[in-house]
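Engineer: Quick one: the structure is below, questions incoming.
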């Protein structure tokens, strides 16, 4: 029977692949961060935003404030940039991410072998200088299941070695993490280091469950690895994401740093994951896991399935945890909410154009041909009354979304100028309507008021003449479509701008 975390690939073959020097890469394939290079400062910042927007919500491993405000080691920067490229929407970014990731996996493999040897000799413990290295290793490994290609075969051994290194270093022992956090000195908040180590342990175990589900699904002959079980998670449940993503200074003094206050006694014992699992097994109830379920429901449910495994076969257990392991990748990979927002906004803009065309080109064209001035006024009022409610909502909402997309993409994005232009043009609808359309509206509204509330001295031909009413309706029809319609850049042959259309009856 092969080892639970191996396939038919021999260890020798894997290690040869792992320790071989990185293949020569062209200038466009390297992690060159020099100004003017492909990954200059602006591009790096944009890819970091992509990382924190798409990857971080599912794997909140890095403390964003610390990462963005301090100089980070090259290996961690490479991992973050590679993940950013993977989730970026720019054409070719994913192919570039794969090339970078292949190169990064070789470098990470070399470091894992080096640190594994040191950990076996008892030379490692949780340290500030090792933290970003371990974070880079885990981030690089987590990206492998997203790719779902041949790299899955190589990660089986790499994951096992990384797991052994973490265990030997003490990342699964809260007491060792607490002791190491006192050595941070002035390099940062001790609780940030402590939380970072706890998250390494928890996310390593989460990845372990995910890889187990993947490997046993692909290779049914494999058995569940006993190298990692809930009993080894002798760490506390990490703090809520709201606190983790907030500014560190605002929690200063609220999180204990004195070792006497972190001795895992009393109420603190309830937050140690392994002890929560023991209690859940004894009670045959998942209530003790509520802190973990509140922090990460999928991980909590997968661990609960493990606690209740008992006589289940490995295959049955994997089927039970699959619903809680697959969302970790499907949620981050499956839906690009920015693209959804773009499509919804484009649909809204297209609806504005369709409404404007139907109201002005079709309805008003027929209305102005009528021979009854009262009927012309009444039909105009119906369209205006609907438009004054519908128009402001649609125009304001569409303009706000264009503005949000411009802000979110940033000035470096090629779409920035188009989104900004669309937002500005949408905003110009209000002053245009105020000064150009309001005077015509007032005349037609006065005529409608005469029809609805006639005065005693009004005869059958009172008020404006048929020619006047027709003229006002024609003016209103002429003024309404005089703005720019929504268009994509390639649809605007002269300026390439994107903009809105004013709706009939936009004004109140």
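Engineer: Looking at 206, 167, 176, which one is modelled with pLDDT of 90 or more, surrounded by fewer than 23 Cβ atoms within 10 Å (Cβ to Cβ) and in contact with a helix residue (DSSP H, G or I) (Cβ under 6 Å, 6 or more places away or on another chain)?
Structural biologist: 206
Engineer: Among the residues of segment 358-377, which ones are in contact (Cβ under 8 Å) with a residue 40 or more places away in the chain and either touching a strand residue (DSSP E or B) at 6+ places or on another chain (Cβ under 6 Å) or surrounded by 15 or more Cβ atoms within 10 Å (Cβ to Cβ) (or both)?
Structural biologist: Correct list: 359, 360, 364, 367, 368, 373, 374, 376, 377.
Engineer: Within segment 68-95, track down each residue that is in a helix (DSSP H, G or I) and free of Cβ contacts under 8 Å to residues at least 12 places away in the same chain.
Structural biologist: In the first step, residues of segment 68-95 are kept if they are in a helix (DSSP H, G or I); the result is 68-69, 74-87, 93-95.
Once the filter is applied, which keeps residues that are in a helix (DSSP H, G or I) and free of Cβ contacts under 8 Å to residues at least 12 places away in the same chain, segment 68-95 yields 69, 93, 94, 95.
Engineer: So how many residues does segment 143-164 have that are out of contact with any helix residue (DSSP H, G or I) (no Cβ under 8 Å at 6 or more places or on another chain), part of a helix (DSSP H, G or I) and within 19 Å of residue 98 (Cα to Cα)?
Structural biologist: 1
Engineer: Anything in segment 67-95 that is within 17 Å of residue 135 (Cα to Cα) and buried (at least 16 other Cβ atoms within 10 Å of the Cβ)? List them, or say none.
Structural biologist: 67, 72, 75, 76, 77, 78, 79, 80, 81, 82, 83, 84
Engineer: Follow-up. Among the residues of segment 428-447 satisfying the criterion of being over 10 Å from residue 476 (Cβ atoms) and buried (at least 20 other Cβ atoms within 10 Å of the Cβ), which is nearest to the chain's Cα centre (by Cα)?
Structural biologist: The residue in question is 429.
Engineer: Out of (1) more than 24 Å from the chain's Cα centre (by Cα); (2) part of a helix (DSSP H, G or I); (3) at pLDDT 90 or above; (4) within 23 Å of residue 232 (Cβ to Cβ), the odd one out for residue 106 is which?
Structural biologist: (4)
The values are calculated or read from the model by the stated rules, or taken from the named source; none is laboratory data. Remember, it's a predicted structure, so these values are computed and weren't measured experimentally. Please note: Cβ atoms are built from the backbone with ideal geometry, for glycine as well, and neighbour counts cover all protein chains shown.
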